[in-house]
Amino acid sequence: MPSIPAKGVKDNSNYEDEPHDERNYSDLIIRTQKPFNAEVKLDKLIKSYVTDTKTHFKRNHGAIPTIESDKYQLEVDIGDMGTSGKSRKQIISLEQIKNYPKVKVVAALQCAGNRRDGQAKVKPVNGVIWAAGTISNSQWEGARLRDILVSCGIPADLSNEYYAVPRHLVLEAYGLASDDECYGGSIPLAWAMDPRNDVLVAYNMNGQTMPRDHGYPCRLVVPGVIGARWVKWLRQVSVELEESSNYYQQRDYKILPPQAGKSNCDKYWKLFPALHEFNVQCVICSPQEGSVIAQNKPCTFKGYAVAGGGRPIDRVEISLDGGKTWNMAKLFGISGSSPELYSSLVNRDVCPESNTIPDSPSPVESGQKHWSWKLWTYTIDKVPVVFNNGTVEVISRAWDSSGNTQPMTTTWNYRGVMNNSCFKVSLKATPSSNL
Ligand SMILES: Nc1nc2c(c(=O)[nH]1)N[C@H]1C(S)=C(S)[C@@H](COP(=O)(O)O)O[C@H]1N2
Ligand SMILES: [Mo]
C-alpha cells in the first residue's frame with residue numbers, strides 16, 4: 001500500500017491539477033466535481049461509433065494524479081512463481097511496456113453504476129447517481145498483460161498444472177482514493193492469461209497518448225468486464241491466491257440481495273462475489289424522455305446495446321405497446337474487435353436521420369470475442385394518431401448470443417449496480433400542426 005507518493009508522481013490531494021483541457025464540458029453532465037465524475041449527454045453519446053475522447057465519460061474515486069512518464073514504473077509481483085528462479089518483484093518502465101508487441105482492441109467501457117438512477121427511483125442507493133451515459137466505445141492500444149506476465153515468469157500455457165489452483169491478479173493504482181489507501185481491485189489470473197480476452201496495459205486511446213483523465217501513462221483494459229477493473233494510473237500487478245482486499249473489490253461492486261441495506265450490509269459483503277463481466281444492456285438515446293413527436297410523420301429511435309464477456313448482441317427490439325409485441329431494430333457495428341474495421345468507422349455518422357445504417361457485417365470466425373457496442377435505429381414511417389395527443393411509452397430490450405435479455409423492471413440493490421431493466425421513454429405525440 002502506498003503511503004508516500006512514488007518518484008515522479010503527484011497525488012494532487014487538493015485537486016490542484018485537473019486536466020480541464022481534456023474535457024468537452026458541453027457534452028458532459030457533471031455529477032460530482034471533486035472527484036470529477038461526469039457522464040455523456042445521451043444524444044452526444046451515439047454521434048459516432050467510436051467515442052470522441054473528450055466526450056468520454058469520466059469516473060474517478062479521487063483526484064487525477066500527475067505522473068512523469070519517464071519516471072513511471074509498473075511493479076509486477078509474480079507471487080509463488082518467485083521461487084522459479086525469476087525475481088519475485090520486477091519493475092517495468094513505460095519504454096519497456098512499449099517494446100512488447102502492440103495490440104489494438106476496440107472495446108466498450110461501461111461503469112457497473114450505469115443507469116443507477118433507475119435503482120434510486122425504487123429506493124435510495126449508495127453511489128453516484130448516473131443516468132445511461134457512463135459507457136463508451138474506444139480503440140485501446142498497448143501491450144498484452146499476458147505477454148508482460150509471461151516474460152516475468154508466469155507460465156504461458158493455460159494447461160500447465162500451475163493453473164489447477166485459481167489465482168488472482170491484484171491491481172493497484174497511483175494516486176489517492178476516497179475509500180481506501182489507493183484504488184484497486186482484481187481479476188482472475190486465468191482471465192488475463194487467455195489471449196482471447198485481450199487484457200491490455202494500454203498507453204494509447206483512439207490513436208493518441210492516453211489522456212490523464214483516462215489513466216496516463218498506463219491503464220488496464222479488460223474488455224467485456226465492468227469498468228471498475230480497468231484500473232487507471234496502473235502501479236502494481238501482483239499474482240496472489242486471494243482476491244484483492246481493496247474496498248472497490250470487496251465492498252463496492254457487488255449485487256447484494258434487496259434485504260441488505262445501509263444498516264446491515266456488513267454481513268452481506270462477504271457472501272457475494274465481486275462483479276466481473278457486465279450484463280446485457282440497451283438504451284434509447286433519442287428521442288429522449290418527454291420529447292414531443294409528430295403524428296403521421298416518421299420517427300426514428302436510436303440507441304446503443306452491449307453485452308458482457310465478449311458475447312455479441314444478436315437482436316435489439318422495440319415495443320410500442322407496453323411489451324406485448326416487439327419490432328426488430330437495425331443494428332450497426334463491428335462483429336469482432338478488428339482494427340481494420342475500426343479505421344473505417346471513426347467519426348462516421350452512424351445514426352443519420354434516415355434509416356440507412358448498413359446491416360452488421362457478417363459474423364467473424366468463432367472464438368473471436370465481441371467487445372464493441374452495437375448502435376441501432378428503429379423507424380416508424382407514421383407516428384399513429386392513435387397515440388392521440390397522449391403519451392406513448394417506447395421500450396427497448398436486447399438479446400445476446402447466450403439468450404440473455406433484460407428484465408421489465410429492476411430489482412433494487414444497495415449499491416445500485418448493473419441496472420439493465422428494459423429502457424423506457426415516454427413521448428408525447430401531437431398533430432404536426434401543433435409542433
Ligand atoms: N485508479 C483508478 N482507476 C479507476 C477508477 C478510479 O477511480 N481510479 N475508476 C474505475 C471505474 S469505477 C470506472 S467505471 C472506470 C472509468 O474509466 P474512465 O474514467 O476512463 O471513463 O475506471 C476505473 N478505473
Ligand atoms: Mo465504475
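The values are calculated or read from the model by the stated rules, or taken from the named source; none is laboratory data. Computed from a predicted structure; not experimentally measured. Positions of Cβ are backbone-derived with ideal geometry, glycine not excepted, and every protein chain shown enters the neighbour counts.
Quick notes on this one:
- Hey, Ala156 within 16 Å of ligand 1 (Cβ to nearest atom), small (Gly, Ala, Ser) and more than 13 Å from the chain's Cα centre (by Cα) or not: no
- Output for region 192-251, where each listed residue is closer than 12 Å to Glu172 by Cα, aromatic (Phe, Trp, Tyr) and touching a strand residue (DSSP E or B) at 6+ places or on another chain (Cβ under 6 Å): Trp230, Trp233, Tyr248
- The residue of region 247-276 that is nearest to Val231 (Cα to Cα), among those that are among the hydroxyl-bearing types (Ser, Thr, Tyr) and buried (at least 18 other Cβ atoms within 10 Å of the Cβ), is Tyr248.
- So Arg229, is it buried (at least 23 other Cβ atoms within 10 Å of the Cβ), over 19 Å from Gly310 (Cα atoms) and near ligand 1 (Cβ under 10 Å from one of its atoms): no
- Long-range neighbours under 8 Å by Cβ, at least six apart or interchain, first residue among the aromatic types (Phe, Trp, Tyr) within region 262-280, second at pLDDT below 95 and surrounded by 15 or more Cβ atoms within 10 Å (Cβ to Cβ): Trp269/Arg251
- Residues in region 248-269 that are within 16 Å of ligand 2 (Cβ to nearest atom) and of a type in the set (D, E, K, R): Arg251, Asp252, Lys254.
- With respect to the conditions (1) closer than 23 Å to His61 by Cβ; (2) part of a loop (DSSP other than H, G, I, E, B), Gln288 lacks only one, and its number is (1).
- Set side by side, the residues Ile64, Ile30 differ, and just one is without any contact (Cβ under 8 Å) to a residue 40 or more places away in the chain and either surrounded by fewer than 15 Cβ atoms within 10 Å (Cβ to Cβ) or within 16 Å of ligand 2 (Cβ to nearest atom) (or both), which is Ile30.
- Scan of region 98-129 for residues that are β-branched (Val, Ile, Thr) and in contact with a Lys or Arg (Cβ under 9 Å, 6 or more places away or on another chain), ordered by number: Val103, Val125, Val128, Ile129
- Pairing each residue of region 209-228 that is over 19 Å from Gly133 (Cβ atoms) and at pLDDT 95 or above with any residue that is within 7 Å of ligand 1 (Cβ to nearest atom) and among the small types (Gly, Ala, Ser), provided the two are 6+ apart or on different chains, yields C-beta distances under 9 Å for Gly215/Ala173; Arg219/Ala173.
- Taking (1) surrounded by fewer than 21 Cβ atoms within 10 Å (Cβ to Cβ); (2) touching a residue at least 24 places away in the same chain (Cβ under 8 Å) in turn, Asn37 satisfies each apart from (1).
- Selection within region 214-247 - under 22 Å from Asp194 (Cβ atoms), part of a loop (DSSP other than H, G, I, E, B) and more than 14 Å from ligand 2 (Cβ to nearest atom): Cys218, Pro223, Gly224, Leu241, Glu242, Glu243, Ser244
- Qualifying residue in region 172-181 (condition: within 8 Å of ligand 1 (Cβ to nearest atom), of a type in the set (D, E, K, R) and modelled with pLDDT of 95 or more): no
- The number of residues in region 46-78 being at pLDDT below 95, touching a strand residue (DSSP E or B) at 6+ places or on another chain (Cβ under 7 Å) and not polar (S, T, N, Q) comes to 3.
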